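Enquirer: Have a look at the structure that comes next, please.
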Amino acid sequence: ESARIVIAFNCVVGVLPCAAPTLYVGPQRQVERRHEWQRFLRNDGPRIGSIAMLMLGLFALLFWLGRPRELVYPLFALASLIWALRTLHYHLAFYPGDGRWFWWMTENSMSWLMVVVYVFAFRLHDERHPYIERGLLLVAIGWSVATMPGLGLDGWAPAFLTHVMRAVIAVGVTVLISISSLKSRSREHLLLAIGLWICIGMGIHDILLLGWYIDFERTFLLPYGAMFLFAAFLYAIVRKYAAAIAAVETVNASLEERLSARQAELQVSYEKLRLIERQQAETAERQRLMREMHDGLGSSLMSSLVMVEQGKLAQSDIVQVLRECVDDLKLTIDSLEPIGDDLLTLLATLRYRVGSRLESARIKLEWRVTDLPPLPWLNPTASLHILRILQEALTNIVKHAHASTIRIETAADNETVFVRVMDDGRGFDPAAIDSPSAAGGGGRGLLNLRRRAVQIGGRIDIRSGAAGTTVELSLPRLQAGR
């Protein structure tokens with residue numbers, strides 16, 4: 001059976017000492033298995049670990065973009081990038097350019113990695129050690145400058161002393177971090193301290209291996225210790241992220257409870273406000289009715305009572321006064337009917353009230369009402385004003401025009417609604433309406449029509465002649481503020 005000899009040999013002149021390892025001779029399959037296993041431990045494992053940690057660092061960087069105030073995420077990303085530089089020789093078949101500069105970069109990246117790792121640990125503990133952090137930074141800068149190729153400190157011996165110095169510094173800082181971890185008793189802090197001690201132990205093993213104090217054929221263990229340390233880093237970050245999410249959920253739950261309580265309070269306040277508004281509306285409506293009855297019905301009854309007591313009214317006049325008072329009371333009641341914004345419903349109520357009175361006066365009523373657009377501002381007060389304007393116009397026709405026919409018609413355009421009351425009686429001089437004498441008759445003259453129309457934003461136009469009189473009420477379709 002054929003045999004194959006596998007010799008592993010690694011030497012960089014001027015940086016590391018050179019030696020030939022033990023030769024293994026035997027069956028090809030057995031030697032290949034041994035070779036593959038050693039290659040995995042010495043090359044493939046560290047290479048896979050560095051790539052995995054670099055990918056995790058990229059994810060941490062993405063998390064940091066969403067939470068820029070959290071410094072642990074960019075520190076983790078920076079640590080993974082520096083470790084990728086530290087293990088770059090595992091990925092290259094040859095070293096670019098001058099090999100001394102390449103090894104200077106990989107060797108000194110360990111100093112920078114220590115700075116980032118310990119700052120990360122301090123931030124994870126929410127601690128600040130400015131003197132230690134500045135000292136680590138100065139040491140990293142100093143050794144990076146001092147070990148540059150060509151300055152006299154490059155070579156195997158300075159590199160070995162650098163490793164020893166790093167180990168001493170690492171032990172001192174890790175002791176401080178371990179004390180803080182024991183005080184906090186949190187799992188992520190304790191796990192991070194354990195990871196640091198594992199790295200220190202494996203780093204000391206690698207220093208002894210590098211100085212040939214132990215069998216140089218052993219595998220460098222620090223890459224595997226770094227994996228455990230980065231796993232502790234990742235666990236701490238995940239725990240911190242989970243704690244932040246839990247805090248947000250707690251705050252959201254608290255806000256939801258407070259919002260629900262505030263909504264309940266607002267609902268109670270709204271109910272009280274609606275009750276107060278309803279009471280105020282009822283009070284205002286009650287006061288309006290009292291004012292209308294006082295100014296209209298009450299005034300007519302009081303003046304008529306005085307005249308009756310003085311014997312100045314005949315029985316027929318008393319009947320007429322009482323009839324007018326009853327009509328006024330009915331108009332007040334009709335204005336309270338829920339008609340919404342429909343003027344036609346209000347006009348139909350008026351027709352029902354005055355129909356019998358016109359029949360008794362032997363006056364024919366022609367009803368030429370068409371569909372009208374809604375009037376959003378048509379409230380009970382405005383309805384009463386409209387009813388009284390039309391009632392006043394009809395009363396004047398019955399009393400003074402000697403008409404045989406009254407026609408009520410409606411019309412509308414884009415901005416205005418028109419209600420016209422026309423009769424075929426004897427006319428009068430419209431200019432006399434504005435004279436002071438036209439306001440006689442207890443305030444029920446034609447000037448009252450214009451006053452009431454102005455109060456609801458409308459206008460009264462009166463045209464009179466030998467063929468009869470037309471009283472036109474113009475009402476706006478919309479009113480400002482309504």
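Enquirer: Any chance you could run the full-extension gain for LEU23 through ARG185? It's 0.36 nm times the residue separation minus the Cα-Cα distance, nm to one decimal.
Expert: 53.3 nm
Enquirer: Hey, can you grab everything whose amide H is under 5 Å from the amide H of THR416? Only 5+ residues off in sequence or another chain; H modelled, so Pro and N-termini drop out.
Expert: For THR416, whose amide H was placed from the backbone, the distant partners under 5 Å are ARG477.
Enquirer: Among 75-88, 161-174, 198-211, how do they line up from the highest to the lowest mean number of other beta-carbon atoms within 10 Å?
Expert: Answer by packing, highest mean first, reads 75-88, 198-211, 161-174.
Enquirer: Still on this structure, please answer the following. Once the piece of chain linking ASN252 and GLU217 is laid out straight, how much longer is it, given 0.36 nm per residue of separation minus the C-alpha distance between them?
Expert: 6.8 nm
Enquirer: Quick one: Debye curve from the alpha-carbon atoms of region 83-180 only, equal weights, vacuum; give me log10 I(q)/I(0) at q = 0.11, 0.15, 0.22 Å⁻¹ to two decimals.
Expert: For region 83-180, the Cα-only Debye profile gives -0.37, -0.65, -1.14.
Enquirer: Using 7 Å Cα-to-Cβ label points, what is the VAL168/LEU266 separation (nm, one decimal)?
Expert: Distance between the two pseudo-spin positions: 6.8 nm.
Enquirer: Output wanted: per-residue J couplings in Hz (rounded whole) for region 239-255, from phi through Karplus 6.51 cos²θ - 1.76 cosθ + 1.60, θ = phi - 60°, x for Gly and Pro.
Expert: 4, 5, 5, 5, 5, 5, 5, 4, 5, 5, 5, 5, 5, 4, 5, 5, 5
Enquirer: Assuming a ≥ b ≥ c are the square roots of the Cα gyration tensor eigenvalues, decide whether region 118-243 counts as rounded (a/c under 1.5), prolate (otherwise, with a/b larger than b/c) or oblate.
Expert: Working: a/c = 2.47, a/b = 1.51, b/c = 1.63.
Because a/c hits 1.5 or more and a/b fails to exceed b/c, region 118-243 counts as oblate.
Enquirer: Residue-wise, which Karplus ³J(HN,Hα) couplings in Hz belong to region 69-78, taking 6.51 cos²θ - 1.76 cosθ + 1.60, θ = phi - 60°, and x for glycine or proline?
Expert: 7, 8, 7, 5, 5, x, 5, 4, 5, 5
Enquirer: Non-local amide H neighbours of GLY26 (under 5 Å, H modeled in plane, Pro and chain starts lacking H): which ones?
Expert: ARG4
Enquirer: Just report the Cα centroid separation between region 170-196 and region 80-140, whole Å.
Expert: Between the Cα centre of region 170-196 and that of region 80-140, the gap is 20 Å.
Enquirer: Once you put a point 7 Å from the Cα of ASN379 and another 7 Å from the Cα of ASP341, both along the Cβ direction, what distance in nm separates them?
Expert: The two pseudo-label positions are separated by 1.5 nm.
Enquirer: Any chance you could look up the accessible area of ARG463 with a 1.4 Å probe, heavy atoms only, rounded to 10 Å²?
Expert: Roll a 1.4 Å probe over it and ARG463 shows about 120 Å².
Enquirer: Here's a follow-up. Along the three principal axes, how long is region 151-223 when you take its alpha carbons, biggest first, rounded to the nearest angstrom?
Expert: Extents along the principal axes, in whole Å: 44, 30, 16.
Enquirer: How would you order 414-423, 239-248 from highest to lowest mean count of nearby Cβ atoms within 10 Å?
Expert: Ranked from most to least packed, the peptides come out as 414-423, 239-248.
Enquirer: With the crude spin-label approximation of a point 7 Å out along Cα→Cβ, what separation in nm comes out for ARG323 versus TRP367?
Expert: 2.1 nm
Enquirer: While we're on this one: Hey, with R₀ at 35 Å, roughly what FRET efficiency would PHE160 and PHE40 work out to, going by the Cβ-Cβ distance, to 0.05?
Expert: Working: r = 27 Å, r/R0 = 0.77.
The formula returns an efficiency of 0.80 here.
Enquirer: Using θ = phi - 60° and the Karplus form 6.51 cos²θ - 1.76 cosθ + 1.60, what ³J(HN,Hα) does each residue of region 95-105 get, whole Hz, x for Gly and Pro?
Expert: Couplings: 9, x, x, 6, x, 5, 5, 4, 5, 4, 5 Hz.
Enquirer: Give me the extension gain from MET55 to SER404: residue separation times 0.36 nm, minus the current Cα-Cα distance, reported in nm with one decimal.
Expert: On the way: separation 349, 0.36 × 349 = 125.64 nm, distance 10.24 nm.
Here the segment from MET55 to SER404 would lengthen by 115.4 nm.
The values are calculated or read from the model by the stated rules, or taken from the named source; none is laboratory data. This is a predicted model, so every value here is computed, not measured. Glycine also receives a Cβ, built like all others from the backbone with ideal geometry; neighbour counts cover every protein chain displayed. Heads up: the accessible areas ignore ligands, DNA and RNA and are worked out on the full protein's heavy atoms, side chains in. Shrake-Rupley method; radii C 1.70, N 1.55, O 1.52, S 1.80 Å.
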